[in-house]
Each structure stands twice: as C-alpha cells, then as structure tokens.
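One structure is given here, and the rest of the page talks about it.
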Amino acid sequence: MAKRTSNENSISEVLKMFIETNNLQKGIDGVSIQEAWYNLLGNGIKSYTQEVVLKNSTLYVKLSSAVVREELSMGKQKIIDMLNDEMGKQVVTDLILR
C-alpha cells in the first residue's frame, strides 16, 4: 500500500493553486466585476444596464438610456476607482459606455 505524504493545505490555498494552474483568473474577474458593477451602482443603474463585459482590462457596459450613459461618463474615473477598490486589485483600466 502506498504511503500518504503529509501535504496539508487549507482549502483556500488549494483553490488558489487550482485557479492559477488552470488560468481561470480572467473568467473569475469577469464575473466578479459584473457583481461589483451591480452592487456599487445600485438598482437604478441596474435597470438600465443590458450587458457588462470585461475584455483584457477594459470594461464594456451596454446601457439602454443615453441620458444615463452621459451621466455616468462624467464620473468614469471615479467608477473605475470604485470598481478596483471593490475587487481589491487593479482589474479595470478603462471604461467604455455604449
């Protein structure tokens, strides 16, 4: 019978290793940034948001209202900073509102 080695790691460490070895971080960031968008900007903006997609480090947001798009474009950098703070790391460098 094979002898077990004692590689005791916490579940969080094992998950981090699994994510790193399978290159899943981009996908996880994409889902997390969608959740952050909805949480930070609230239900008012959520009702006008049709699509939130993260490609590389650019966040593309499709909105159904030109007025809301114009209003959000005034505070683009603040929104980027808030999203990155929520994520705990630099994920978004540019925000494109469509």
Tell me which residues come under 5 Å, amide H to amide H, from Leu63 once H is placed; ignore anything under 5 positions away on its chain. Gln50, Arg98
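Could you tell me the relative contact order of region 1-94? Use alpha-carbon pairs under 8 Å, at least six residues apart, and round to a whole percent. Write out the running numbers ahead of the final one.
On the way: 61 pairs, mean separation 22.1, N = 94.
Once normalised by length, the contact order is 24 percent.
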Whole-Hz ³J(HN,Hα) from phi, Karplus 6.51 cos²θ - 1.76 cosθ + 1.60, for region 52-68, glycine and proline x: 10, 10, 9, 10, 6, 10, 10, 9, 9, 10, 9, 10, 8, 10, 5, 5, 5
Using Cα springs under 10 Å in a Gaussian network model of the chain, which residue among Val31, Val52, Val14 shows the largest mean-square fluctuation? Val14
Can you show me the helix-derived [θ] at 222 nm for the chain, built from DSSP H runs with n ≥ 4 at -39,500 (n - 2.57) apiece and divided by the number of residues, rounded to the nearest 500. -17500 deg cm²/dmol
Leaving out ligands, DNA and RNA but keeping every protein chain, what accessible area does Val67 have, in Å² rounded to the nearest 10, with a 1.4 Å probe? 110 Å²
By how many degrees, 0 to 90 and rounded to 10, does the Cα axis of helix 25-46 deviate from the longest principal axis of the chain? 40 degrees
Per residue, how much accessible area does the chain show when a 1.4 Å probe rolls over the protein heavy atoms, in square angstrom? 74 Å²
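Does the chain come out rounded, prolate or oblate, given a ≥ b ≥ c as the square roots of the eigenvalues of its C-alpha gyration tensor, rounded meaning a/c under 1.5 and, failing that, prolate meaning a/b above b/c?
Details: a/c = 3.24, a/b = 3.15, b/c = 1.03.
Taking the square roots of the gyration eigenvalues as a ≥ b ≥ c, the chain is prolate.
According to the Cα gyration tensor, what semi-axes, each the square root of 5 times an eigenvalue, does the equivalent ellipsoid of region 31-86 have, listed from largest to smallest in whole Å?
After diagonalising the Cα gyration tensor, the semi-axes are 16, 12, 12 Å.
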Using the charge dipole of the chain (Lys, Arg: +1 at Cβ; Asp, Glu: -1 at Cβ; taken about the Cα centre), state which of Asn22, Gly42, Ser32 has its Cα farthest towards the positive end. Asn22
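Can you tell me the dipole magnitude for the chain around its Cα centre, using point charges on the Cβ only (Lys, Arg +1; Asp, Glu -1), in Debye to the nearest 20?
Working: 12 positive and 12 negative charges, 53 e Å.
Value, rounded to 20: 260 debye.
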Once phi is turned into ³J(HN,Hα) by the Karplus curve 6.51 cos²θ - 1.76 cosθ + 1.60 with θ = phi - 60°, what whole-Hz value does each residue of region 72-78 show in order, with x for glycine and proline? 5, 5, 5, x, 3, 5, 5
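So how do Lys62, Lys16, Lys76 rank on accessible area, 1.4 Å probe, biggest first, that is with the largest at the start?
On the way: Lys62 95, Lys16 130, Lys76 70 Å².
Accessible-area ranking of Lys62, Lys16, Lys76, largest first: Lys16, Lys62, Lys76.
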For the chain, which whole-number percentage of the solvent-accessible area (1.4 Å probe, protein heavy atoms only) is attributable to carbon and sulfur atoms? 51 percent
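The values are calculated or read from the model by the stated rules, or taken from the named source; none is laboratory data. Because the structure is a prediction, the values reported are computed rather than measured. We place every Cβ from the backbone using ideal geometry, glycine too, and count neighbours over all the protein chains shown. These accessible areas exclude ligands, DNA and RNA; they are computed on the full protein's heavy atoms, side chains included. Shrake-Rupley method; radii C 1.70, N 1.55, O 1.52, S 1.80 Å.
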